[in-house]
Amino acid sequence: MSDNGFSDSFSAPLQASAEEPQFTDQTINCMDCHSDFVWTVGEQQFFHDKNLQNPPKRCKPCKQAKNERIAAINAAHELGVKQRIEVLVACAKCGCNTTVPFYPSQGRPVYCRSCYLELNPSLLPPHE
Ligand SMILES: [Zn+2]
Ligand SMILES: [Zn+2]
């Protein structure tokens with residue numbers, strides 16, 4: 001009866017106590033795609049172990065899609081913050097206005113891109 005091939009690797013004894021609810025597979029309707037998915041006993045046990053009170057609201061594909069959406073938003077957010085650092089300065093060589101992706105420190109000359117490359121020819125990409 002208890003030999004389901006699942007508990008072999010666990011040495012913890014199976015105890016039936018009032019605090020351990022009996023889990024059965026549950027069918028939940030996904031709030032995103034509105035299709036039924038099975039909340040398995042194993043997942044319920046996981047939720048129980050983690051002290052999570054609320055059952056999942058989304059099926060696995062929708063949950064993953066949601067996580068990916070959040071990750072994409074976070075990535076775009078980080079990228080946007082970095083790109084927004086743009087300081088308008090006057091080139092110390094030719095005097096033209098240019099933007100740099102950093103805050104120039106006081107007294108340090110800042111050059112526009114072409115002047116900078118002129119002064120640092122080693123940074124030029126090799127000609128093909
Ligand atoms: Zn879904
Ligand atoms: Zn310049």
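The values are calculated or read from the model by the stated rules, or taken from the named source; none is laboratory data. Everything numeric in this text was worked out from a predicted model, so none of it was measured. Positions of Cβ are backbone-derived with ideal geometry, glycine not excepted, and every protein chain shown enters the neighbour counts. Accessible surface is based on the protein model in full, side chains and every heavy atom, while ligands, DNA and RNA are left aside. Shrake-Rupley method; radii C 1.70, N 1.55, O 1.52, S 1.80 Å.
A few notes on this one:
- Filter pass, residue 110 being within 16 Å of ligand 1 (Cβ to nearest atom) and of a type in the set (A, V, I, L, M): no
- Cβ-Cβ distances below 9 Å connect the following pairs, each with a first residue in segment 101-128 that is in a helix (DSSP H, G or I), a second residue that is of a type in the set (Phe, Trp, Tyr) and open to solvent by 80 Å² or more (accessible area, probe 1.4 Å), and a separation of six or more residues or different chains: 123/116.
- Strands (runs of 3 or more DSSP E) contained in segment 1-98 and holding at least 3 residues modelled with pLDDT of 95 or more: 26-29, 36-39
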